[in-house]
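Here the structure is laid out as structure tokens; the discussion comes afterwards.
The values are calculated or read from the model by the stated rules, or taken from the named source; none is laboratory data. Computed from a predicted structure; not experimentally measured. Cβ: placed from backbone, ideal geometry, glycine included. Neighbour counts: every protein chain shown. In case anyone asks, the SASA skips ligands and DNA or RNA and just uses the protein heavy atoms, side chains included. Shrake-Rupley method; radii C 1.70, N 1.55, O 1.52, S 1.80 Å.
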Amino acid sequence: MSGQRVMTRPENVMQDPGAVAVAGLYARSYLAAARVNGIERPEEELASFVDDVLASDQRFADLLCGDFLNRDEKLAIVQRVIAPQATPFFVNFLQVLIRHGRFGLIRSIRQLLERAQEELAGRRRVSVRTARALSDRSRGRLQEQLRKTFGFEPIL
């Protein structure tokens, strides 16, 4: 086997169907818990944390996502560093992820949160292939036909 690399696991979590399923479950649960707790835009705090905090400080992200620290140490970091800046709802969500050993899925959860919101709103993403570009009128008719046929709001 000269030069060939044998894949033993997916290169990133979004290639692992099991991890995607678990991340999707956490995304939907996050939205459901937000609704029960009266949180109007829960995606904003999660997106800000992932996009502004974790993306800007890879060492901090590695500490929380990796195996360098145990759960209690990670929980203490969340309490000392994140809790003073975040809502109790969001801090609780981070603590749940850490306690269940799922903090490494946080970027995937953030990605899947948008799709979960679309599903809850009765919308679904649809991929359509055509021989040529659709006019606005044709696009509108296609969306209406899909809406009537499948009973959801299509996102082309």
Checked against (1) under 19 Å from residue 40 (Cβ atoms); (2) open to solvent by less than 70 Å² (accessible area, probe 1.4 Å), residue 108 satisfies every condition except (1)
Hey, can you tell me all the residues within segment 53-98 that are open to solvent by less than 40 Å² (accessible area, probe 1.4 Å) and either of a type in the set (Gly, Ala, Ser) or at positive phi (or both)? 61, 66, 76, 83, 86
Of all the helices (runs of 4 or more DSSP H) wholly in segment 12-91, which have at least 1 residues that are touching a residue at least 40 places away in the same chain (Cβ under 8 Å)? 17-36, 42-48, 58-65
Residue match in segment 132-154 (condition: within 28 Å of residue 55 (Cα to Cα) and among the aromatic types (Phe, Trp, Tyr)): no
Residue ID - nearest to residue 24 (Cα to Cα), chosen from residues in segment 93-144 that are touching a strand residue (DSSP E or B) at 6+ places or on another chain (Cβ under 9 Å) and not charged (D, E, K, R): 117
Of (1) open to solvent by 60 Å² or more (accessible area, probe 1.4 Å); (2) outside any helix (DSSP H, G or I); (3) at pLDDT 85 or above, residue 101 fails just (1)
Pairs under 9 Å by beta carbon, first residue on the phi < 0 side of the Ramachandran plot in segment 133-156, partner open to solvent by less than 50 Å² (accessible area, probe 1.4 Å) and aromatic (Phe, Trp, Tyr), six or more apart or different chains? 146/152
